[in-house]
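Undergrad: Can you read through this structure? Questions will come right after.
Every number here is computed from the coordinates shown, using simple stated rules; none is lab data. Note that this is a predicted model, so its numbers are computed, not measured. Because the Cβ atoms are built from the backbone with ideal geometry, glycine has one as well, and the counts that use them run over all protein chains shown.
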Amino acid sequence: MYNILNFTLEELQDWMKENKESAFRAKQVFSWIYKDVWNFDDMKNIPGTLKEKLKESFIIDIPKIVEVYESNVDDTKKLLLSMQDNNLIECVLMKYKHGNSICVSTQVGCRMGCKFCASTIGGRIRDLSSGEILAQIMVAQRYLGERISNVVLMGSGEPLDNFDNVIKFLKLVNAEYGLNIGQRHITLSTCGIVPKIIELADLKNKLNDENSKVISRGEIIKSYIPYVQEELEKGSNVHMLASPLHSLLQGQTGSRKYKQLLSSANVKKDTLIQILNVILETMPQDILWN
Ligand code: SF4
């Protein structure tokens, strides 16, 4: 059995064709699902024979709300959700003047080990599929009776440690036939897996949304430098700080461009020299400054 929420429209159209059904049925099925009809039998314009085929191949995997915790300070609510395999995850609903926001989980547990975080105590149990991340928004919308317009990937799990499913989720949540939440209304929080931050930035074009604000590698470098400067002033270890920067520059040619970027980030000269020296110690010849 497949979870139909993991499917894009194109994938469901392909399934329809493989099962000798018209491709346009895929859009009809999704229009029911995203209007909160989560039972194939209730989809009125779907023929009975197709309903049977759908029931044989798919489930609509919506988690159950086990508990709701309400804040006594504001309207924030935390939903405890039970998955098909009985694992528990949480999502958090926040009401703002500009609309409803949700913080979703991307993994059951987490293996990142941030000292302040309870999600990591039992380690990572498993990744959530793209559909399981999406279903948190769907069940929360039904619970609220209102549209959710902003999404933060900051619940349990490190999104970039579940990269492929999270990228597919970003595509699904943004789709016009689905929840249609714009990329500008989605925030991905990471504890700092630098190679994956770079991969995400490089995917900018593939995410296929001209209005999206996925920051480029250059922008990451520019915004990282002031942080490095601040940390150095506090006496933090320069090698540790320079290492993510080194990763950002690795594989890049056009070192002049990055030298300019570093210069334009308003770094004090001493700091810049200190950082560059550390990078130069380990940097491959093809990206040495000139
Ligand atoms: S990455 Fe997020 S969920 Fe994982 S341990 Fe750190 S703070 Fe917790």
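Undergrad: Calculate, in nm to one decimal, what residue 117 and residue 59 gain on full extension: separation in residues at 0.36 nm each, minus their alpha carbon distance. If you can, show how the numbers build up before the last one.
TA: Working: separation 58, 0.36 × 58 = 20.88 nm, distance 3.31 nm.
Stretched out fully, the residue 117 to residue 59 stretch lengthens by 17.6 nm.
Undergrad: Something else now. Would you calculate the separation in nanometres between label points at residue 42 and residue 177, each defined as 7 Å from the Cα along the Cα-to-beta-carbon direction?
TA: 2.1
Undergrad: Related question: Residue 149 to residue 14: extension gain in nm, 0.36 nm per residue of separation minus the Cα-Cα distance? Mind dumping the intermediate values first?
TA: Numbers: separation 135, 0.36 × 135 = 48.60 nm, distance 2.97 nm.
That works out to 45.6 nm of additional length.
Undergrad: Tally Lys and Arg at +1 and Asp and Glu at -1 over the other residues with C-beta under 11 Å from the C-beta of residue 77: what net charge comes out? Don't jump to the answer; show the numbers that get you there.
TA: Values: positive: 78, 95; negative: 67, 70, 74, 75, 90.
That works out to -3.
Undergrad: Projecting each Cα onto the charge dipole of the stretch 57-196 (Lys/Arg +1, Asp/Glu -1 at the beta carbon, about the Cα centre), which of 195, 109, 86 comes out farthest on the positive side?
TA: Of the candidates, 195 comes out farthest on the positive side.
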